[in-house]
Amino acid sequence: MNPPSCADSTLVFVYGTLKRGGSNHHYLAGQTLIGTARTVAGFTLYSLGDYPGLVAEATAAEGVSGEIWAVDAACLASLDILEGIDEGLYAREPAPLAPPHDGLKRVVQFYRYLGPVQDRARLGAVWAV
């Protein structure tokens, strides 16, 4: 499989099990790593057991660390299924990234967790793979 070209790919910010070394990284096989990045402040991770959930949280000063990947349409569809988009578990939306990635000419998307996080452990900026 050829890696997606810039013109026909979607940029996705991953921060949990999809990162290199993560249990679901195989979903990104054949896709192109753009590099590491961080969201702006106002986002944090919570433990959902075997995977993290990224949520908007006004008091989160550090942002979330992850990787940007260029993925083709088939991969993006698989990621949407994995993340439970149709079930309302996560929403795929534009990812506000910190410098130097805030000036990218293309929108980078991430998966934001939509469920409750009370009684979940707050992880902060990093999901350890």
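Things worth noting here:
- GNM result for the chain, Cα springs below 10 Å: residue of Val64, Val55, Val117 fluctuating most strongly: Val117
- Note on the chain: GNM, Cα springs under 10 Å; of Gln31, Gln118, Gln109, the largest mean-square fluctuation is that of Gln118.
- Within the chain, helix-based [θ] at 222 nm, where runs of 4 or more DSSP H residues each add -39,500 (n - 2.57), nearest 500: -2500 deg cm²/dmol
- Across the range 28-57, no residue has a backbone nitrogen under 11 Å from the label position 7 Å along the beta-carbon direction of Leu114.
- Under 5 Å, built H, 5+ apart or other chain: amide partners of Phe110: Phe13, Glu93, Ala95
- When peptides 66-78, 17-29 are ranked by their average number of other Cβ atoms within 10 Å per residue, the highest-first order is 66-78, 17-29.
- Whether the range 31-104 is rounded, prolate or oblate, judged on the alpha carbon gyration tensor where a/c under 1.5 counts as rounded: oblate
- The mean sequence distance of close C-alpha pairs (under 8 Å, at least 6 residues apart), as a share of the length of the chain, puts its relative contact order at 34 percent.
Values quoted throughout were computed directly from the atomic coordinates according to the rules given, and no laboratory measurement underlies them. All figures in this text were calculated on a predicted structure; none of them were measured in a lab. Every residue, glycine as well, gets a Cβ built from its backbone with ideal geometry; the counts of neighbours run over all protein chains shown.
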